[in-house]
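The structure under discussion appears below in the form of structure tokens.
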Amino acid sequence: MRAAAIPLLIFILGGCASPGDWRAVSVNGRTVWRADSGKWRAEVDPSRGRLAYLGPREGPNFLNAPAVPSNHLQLGGHRVWLGPQTEWTPFWPPPENWESSPAVSVKLRRPDLLEVESPAGAGDAVAIRRTYRWGAHGRLECGVSWEERTPRGRQAVQIFQLAGDVVFEAIPKPTATVPRGFVRLPIGSRPTTETVFPLPKQATRSGNRILLRRKSAEEKLGFPTQTLSARWPQGELLLHPGRIKGTVMEDPDQGFNAQIYLGGDDVPLLEFEQLSPRLIPMRPGDRVGSTVLLEIRSR
């Protein structure tokens with residue numbers, strides 16, 4: 001009963017919330033949790049169990065989170081999986097409790113810290129806990145944690161699905177074995193990572209940077225750990241790597257943990273991602289986790 005009283009209390013006192021504090025509001029007949037930082041707004045939708053809005057207070061939403069999803073795999077927003085995906089059985093789709101289930105709990109740990117818990121699934125599809133907090137300089141801290149039960153550990157895969165005509169920007173770092181400074185990741189008919197390849201048609205060079213735009217065919221690229229940029233006429237989102245909690249076992253992605261997906265015409269989705277290394281608990285009973293930072297800027 002006490003947990004149910006929290007949204008009611010916030011409705012009553014919502015007008016007194018401090019900047020960065022979360023409050024429950026009604027949007028199109030649904031209860032969502034909202035926190036503002038300056039001119040920016042974040043909203044978490046418990047029915048999706050995730051961050052579903054990030055952008056200017058008056059819009060538009062920089063995240064793709066359709067009001068009426070086309071199917072249960074198109075909820076958009078802040079997707080979170082535990083990888084590597086190559087170890088899933090089957091390889092696709094993700095476990096339902098990670099991808100398409102509503103939250104089983106939403107708690108205010110502090111006025112500025114919202115905690116959202118997914119349900120537990122079958123086998124090793126453990127519950128995933130998301131946390132959201134506005135930090136300094138318009139940065140939204142997006143944390144995930146879980147109880148790791150496997151001896152090799154798993155990695156956090158934090159995916160942000162984006163809306164509109166996005167231009168991504170990343171910095172390649174060429175080496176002798178990866179001459180373009182980034183890799184082509186497995187998708188569709190490409191079963192393995194490619195390190196030597198022609199410049200993808202989605203890519204153009206701009207000084208020491210690569211600009212990426214969606215084309216008719218899908219593509220997925222991995223860059224060395226770095227901050228990724230997504231730009232619109234209305235603003236820019238920077239996805240920064242953050243901090244991890246746990247003992248690092250290995251890096252399944254060989255250091256290419258900053259990733260960009262450009263969907264084709266059949267599934268025209270746009271995503272940028274940060275992946276952690278494999279993590280196991282530092283002590284028995286500890287949770288493991290990863291936090292990334294989403295920084296939003298005007299243009």
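The values are calculated or read from the model by the stated rules, or taken from the named source; none is laboratory data. All of these numbers come straight from a predicted model, not from anything done at the bench. Glycine also receives a Cβ, built like all others from the backbone with ideal geometry; neighbour counts cover every protein chain displayed. The accessibility values were calculated without ligands, DNA or RNA, using every heavy atom of the protein model including side chains. Shrake-Rupley method; radii C 1.70, N 1.55, O 1.52, S 1.80 Å.
How about the range 115-144: which of its residues are touching a residue at least 12 places away in the same chain (Cβ under 8 Å), more than 19 Å from S276 (Cβ to Cβ) and hydrophobic (A, V, I, L, M, F, W, C)?
A120, A122, W134
Would you be able to say whether some residue in the range 171-193 is within 20 Å of L294 (Cβ to Cβ) and surrounded by 17 or more Cβ atoms within 10 Å (Cβ to Cβ)?
Yes, that holds for at least one residue.
How many of the residues in the range 260-299 are of a type outside the set (K, R) and within 25 Å of T150 (Cα to Cα)?
Adding up the residues that qualify gives 17.
Within the range 235-268, work out how many residues are under 23 Å from L211 (Cβ atoms), assigned to a loop (DSSP other than H, G, I, E, B) and in contact with a strand residue (DSSP E or B) (Cβ under 7 Å, 6 or more places away or on another chain).
4
What about S105, is it among the hydroxyl-bearing types (S, T, Y) and at pLDDT 95 or above?
When the stated conditions are applied, S105 passes them.
Out of the range 49-59, which residues are surrounded by 13 or more Cβ atoms within 10 Å (Cβ to Cβ) and either in a strand (DSSP E or B) or over 15 Å from the mean Cα position of the chain (by Cα) (or both)?
Residues satisfying the conditions are R50, L51, A52, Y53, L54, G55, P56.
For S206, work out the one condition from (1) more than 30 Å from P66 (Cα to Cα); (2) surrounded by 12 or more Cβ atoms within 10 Å (Cβ to Cβ) it doesn't fulfil.
(2)
Yes/no per residue for (1) open to solvent by 30 Å² or more (accessible area, probe 1.4 Å); (2) at positive phi; (3) among the hydroxyl-bearing types (S, T, Y):
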position: G20; (1), (2), (3): no, yes, no
position: V25; (1), (2), (3): no, no, no
position: T31; (1), (2), (3): yes, no, yes
position: K39; (1), (2), (3): yes, no, no
position: S47; (1), (2), (3): yes, no, yes
position: N61; (1), (2), (3): yes, no, no
position: A67; (1), (2), (3): yes, no, no
position: W98; (1), (2), (3): no, no, no
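What about L212, is it under 17 Å from the mean Cα position of the chain (by Cα) and buried (at least 21 other Cβ atoms within 10 Å of the Cβ)?
no
Please work out which residue is farthest from A52 (Cα to Cα), limiting yourself to the range 116-130 and to residues that are modelled with pLDDT of 95 or more and open to solvent by 40 Å² or more (accessible area, probe 1.4 Å).
Within the range 116-130, the match that is farthest from A52 (Cα to Cα) is A120.
Would you confirm whether or not the range 206-217 contains a residue that is within 28 Å of E295 (Cβ to Cβ), touching a residue at least 40 places away in the same chain (Cβ under 8 Å), out of contact with any Pro (no Cβ under 9 Å at 6 or more places or on another chain) and among the charged types (D, E, K, R)?
yes
Report, by residue number, each residue of the range 269-299 that is within 20 Å of I128 (Cα to Cα), open to solvent by 10 Å² or more (accessible area, probe 1.4 Å) and not in a strand (DSSP E or B).
P277, P281, M282, R283, P284, G285, D286, R287
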